[in-house]
Ligand SMILES: [Zn+2]
């Protein structure tokens, strides 16, 4: 299992998402495409804001390339996010989820910012 942490870089450009954290992840995984590590699943947790429309497109391309690289639909791709919806989705989480599904990802919805670190104690 590989854990990768990525973030937005400085100097955002208006018409592309190369500075966005999702694009950094896709580039990193893409650089691995000539190697023989098998990708079984990818669980992406986007913090502070949902992916924008351009990043969903990047994730669509990544999904397609991973599935063809792994010979079919054996790769499970899930995405959750915390914080607010990106303005591209006009306060409509359903349109983000539909776009993610169409891109080959299982949207697992908005989560509390600290949800992945919450500890539940036995009663
Ligand atoms: Zn983005």
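Any read-out appearing in this document is the output of simple, stated calculations on the displayed coordinates, not a laboratory observation. Treat the numbers as computed from the prediction; the structure is a model and nothing was measured. Here the Cβ positions follow ideal geometry from the backbone for every residue, glycine too, while neighbour counts run over all protein chains shown.
For this structure, a couple of remarks:
- Two-site FRET efficiency, residue 98 against residue 2, from Cβ-Cβ distance with R₀ of 41 Å, rounded to 0.05: 0.90
- Added length on full extension, which subtracts the Cα-Cα distance from 0.36 nm per residue, residue 67 to residue 11: 17.0 nm
- With the Kirkwood sum run over all distinct C-alpha pairs, segment 21-117 has a hydrodynamic radius of 13.8 Å.
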